[in-house]
Amino acid sequence: MLNLQEVEYILFDWDNTLAESRTCLVATVNEILKKYNLPDWEHQKAKRNPNLSFRDNFPNVFGKELAKQAYQEYATLYKKNVGQMLTSFPKVKETLVLFKKLGKKIVVLTNKDRQLLDFELPLLFDKSIFDRIIAGHEAPKDKPYPEQAWFALKGWLEPEAFTPKKVWVVGDSDMDSDCALSAHAQAIRIGNAIWGNDKPLSSQIVHFDSFAEFYKTLQNLSN
């Protein structure tokens, strides 16, 4: 049972949680795959390691020799495309405002490349609403490992003080939930994973079909 009074820190995943970036991601990577005469993402995604970020999966898709160059081309093209494709989900902004009004610390916790995150985040939100923004390769280890969650709250909360009542990790995938549970935080899942390959939900994970459903529950808890 979620307790809105006791929680102090809410860590949000970015892609497919706060931002609907999948449309831009798939359209962009397909352009790069086509350039290298490779099958489209629908066929290539089976090569990905679900414990790695999209960026870190480029060697698995393009091969080690081409991965760095292909990712640089992808990042450049993504920034050209994202302004026309990026959206959020219903009630995301209202949820963030509610947490802010209640005095909770709000953190973006993502494995996404910092250059892309910093470019697209202001397209959707005023950055000041977030108390911290943690991107990929900044913590000792990225999600699904607990180190990224612990790094996100460094100076605020020591790892041994994490509890599910005090810290929530909100995301769409196993990667987010595994990070939460291993860090001893509350795992909250919104919708379905961006690539649709989740394990069965454990009883430790609180699941909502949509952000609107999550927001409605928070409103009820705050009354």
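The values are calculated or read from the model by the stated rules, or taken from the named source; none is laboratory data. Note that this is a predicted model, so its numbers are computed, not measured. All Cβ positions, even for glycine, are placed from backbone atoms using ideal geometry, and neighbour counts span all protein chains on display. Just so you know, the surface numbers come from the protein's heavy atoms only, side chains and all, with ligands and any DNA or RNA stripped out. Shrake-Rupley method; radii C 1.70, N 1.55, O 1.52, S 1.80 Å.
Within region 30-78, work out how many residues are surrounded by 15 or more Cβ atoms within 10 Å (Cβ to Cβ) and small (Gly, Ala, Ser). Qualifying residue count for the region: 4.
Taking the stated definitions as given, is ILE194 more than 30 Å from GLU42 (Cα to Cα), open to solvent by 10 Å² or more (accessible area, probe 1.4 Å) and aliphatic (A, V, I, L, M)? Spelling it out, it is not the case that ILE194 is more than 30 Å from GLU42 (Cα to Cα), open to solvent by 10 Å² or more (accessible area, probe 1.4 Å) and aliphatic (A, V, I, L, M).
THR23 meets the conditions (1) surrounded by 15 or more Cβ atoms within 10 Å (Cβ to Cβ); (2) touching a helix residue (DSSP H, G or I) at 6+ places or on another chain (Cβ under 7 Å) in every case but one. The failed one is (1).
Looking only at residues in region 105-152 that are small (Gly, Ala, Ser) and over 16 Å from PHE54 (Cα atoms), which one is most open to solvent (accessible area, probe 1.4 Å)? Residue satisfying both the conditions and the ranking: SER128. Of the residues in region 19-28, none is in a loop (DSSP other than H, G, I, E, B) and out of contact with any strand residue (DSSP E or B) (no Cβ under 7 Å at 6 or more places or on another chain). Beta carbons closer than 9 Å, at least 6 apart along the sequence or on distinct chains, pair a first residue in region 145-165 that is among the acidic types (Asp, Glu) with a second that is open to solvent by less than 70 Å² (accessible area, probe 1.4 Å) and part of a loop (DSSP other than H, G, I, E, B) for GLU147/ALA139; GLU147/ALA183. Each residue in region 151-177 was checked for being closer than 21 Å to SER202 by Cβ and out of contact with any Gly (no Cβ under 9 Å at 6 or more places or on another chain), and 14 pass. Looking only at region 192-223, residues that are touching a residue at least 60 places away in the same chain (Cβ under 8 Å) and either acidic (Asp, Glu) or touching a His at 6+ places or on another chain (Cβ under 9 Å) (or both) come to 0 in all.
VAL7 meets the conditions (1) open to solvent by less than 50 Å² (accessible area, probe 1.4 Å); (2) in a helix (DSSP H, G or I) in every case but one. The failed one is (2).
Inside region 80-104, can you point out the residues that are open to solvent by less than 70 Å² (accessible area, probe 1.4 Å) and of a type in the set (Lys, Arg)? Listed by number, the list holds a single entry, LYS104. Within region 164-191, the set of residues being open to solvent by 50 Å² or more (accessible area, probe 1.4 Å) and polar (S, T, N, Q) comprises SER182 only. Going by the conditions given, is ALA161 of a type in the set (A, V, I, L, M) and either within 28 Å of GLN219 (Cβ to Cβ) or touching an Asp or Glu at 6+ places or on another chain (Cβ under 9 Å) (or both)? It is false that ALA161 is of a type in the set (A, V, I, L, M) and either within 28 Å of GLN219 (Cβ to Cβ) or touching an Asp or Glu at 6+ places or on another chain (Cβ under 9 Å) (or both).
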